[in-house]
Amino acid sequence: MTQVEMANPHAAQAASFLALQCPQQTPLVAHYLLGGLLGGQQVWLKKAGRRNSIWGYRVLALIAWLARMPALKPVPNLGGQAAIATEVQRLQTLAAAGVRVPQVLASSADGFLMSHLGVAGQHTPSLAEEIDQAAQTAQAGRCLALWQEGLDFLASVHARKLCLSQAFARNIVRCADGQLGAVDFEDDPSAALSLALCQLRDYLAYIHSTALYLQEADLMAQAQQAWQSWLAAPARSPVLRADMAQALTRMAWLRHLPSDRSWGRDAQRLRAAYALLNG
């Protein structure tokens, strides 16, 4: 038994389960309920998939360059074993800093086993689901409160001089104790961008993934005011305010996108995001 396994009696069981199950698992991600030393907890096994093509990232990089928006520069996720190694490292770094993320229970080159942030055997709602549900049921106060909770969660991560990977509301989840946590860390923006741009990227991704919910709930005016108040708070850095102002200038063309679905849902999200940030 290794020193790590002696310090953590769960480690040996987790490592054995990973070694046995990873080669047999068909989907890239699957969950299991484990007994024994792991006490019946729910775990997730994520295995390496195929390597991704880099071509799409080159196209996105060209778009970011043409728009003069380095924060939108794509962070390559080549998949395969590299993505597994990146996600394990990012989860361990974030957890060590006190950010709510799944705990890495065991890892290998081909996959890793992680804990479940919610209640075992139950669906763990994402913040996107919660905001959407509040919007659809006309709970204006709850909708705005949830949205601001997401902003505050990002700020708490950034206060630790860190960033997320893809800070969409679907990747921010409600933990079993009611607090927010984050999932999905297959890429590392800090490997390609400065920390300031990584953090700006987090806010842009979050706003992009939530603004349309607020617009469809007729809460855009309130959200615009809430955003301006949040951004003006003393806790926000002058660098963030300056970077956001520059980003808005370069995103001004988004206001010309159609407000209906004639150009698709993605165009609606972009237009709504710009409207919220520029309110």
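The values are calculated or read from the model by the stated rules, or taken from the named source; none is laboratory data. Since this is a predicted model, take the numbers as computed values, not measurements. Positions of Cβ are generated from backbone atoms using ideal geometry, with glycine treated the same way; all protein chains shown enter the neighbour counts.
Could you check segment 154-183 and list, in sequence order, the residues that are of a type in the set (S, T, N, Q) and surrounded by fewer than 19 Cβ atoms within 10 Å (Cβ to Cβ)? Matches in segment 154-183: S156, Q179.
Is it true that some residue in segment 111-134 is touching a residue at least 12 places away in the same chain (Cβ under 8 Å), among the charged types (D, E, K, R) and either outside any helix (DSSP H, G or I) or touching an Asp or Glu at 6+ places or on another chain (Cβ under 7 Å) (or both)? So far as segment 111-134 goes, no, none of its residues is touching a residue at least 12 places away in the same chain (Cβ under 8 Å), among the charged types (D, E, K, R) and either outside any helix (DSSP H, G or I) or touching an Asp or Glu at 6+ places or on another chain (Cβ under 7 Å) (or both).
May I ask you to list the residues in segment 127-180 that are among the hydrophobic types (A, V, I, L, M, F, W, C) and at positive phi? Within segment 127-180, A138 is the sole residue that qualifies. Counting only helices (runs of 4 or more DSSP H) that fall entirely inside segment 1-105 and contain at least 1 residues that are under 20 Å from the mean Cα position of the chain (by Cα) and modelled with pLDDT of 90 or more, the qualifying elements are 80-96. Take segment 124-179 and flag every residue that is closer than 26 Å to H31 by Cα and among the hydroxyl-bearing types (S, T, Y). Answer for segment 124-179, where residues must be closer than 26 Å to H31 by Cα and among the hydroxyl-bearing types (S, T, Y): T124, S126, S165. Of the residues making up segment 171-195, those that are at pLDDT below 95, touching a helix residue (DSSP H, G or I) at 6+ places or on another chain (Cβ under 8 Å) and not polar (S, T, N, Q) number 7. For Y213, the criteria (1) more than 29 Å from G141 (Cβ to Cβ); (2) under 21 Å from the mean Cα position of the chain (by Cα) hold in every case but one, which is (1). Can you say whether A226 is more than 21 Å from the chain's Cα centre (by Cα) and either loosely packed, with under 14 Cβ neighbours inside 10 Å or of a type in the set (K, R) (or both), as far as the supplied structure shows? Criteria not met by A226.
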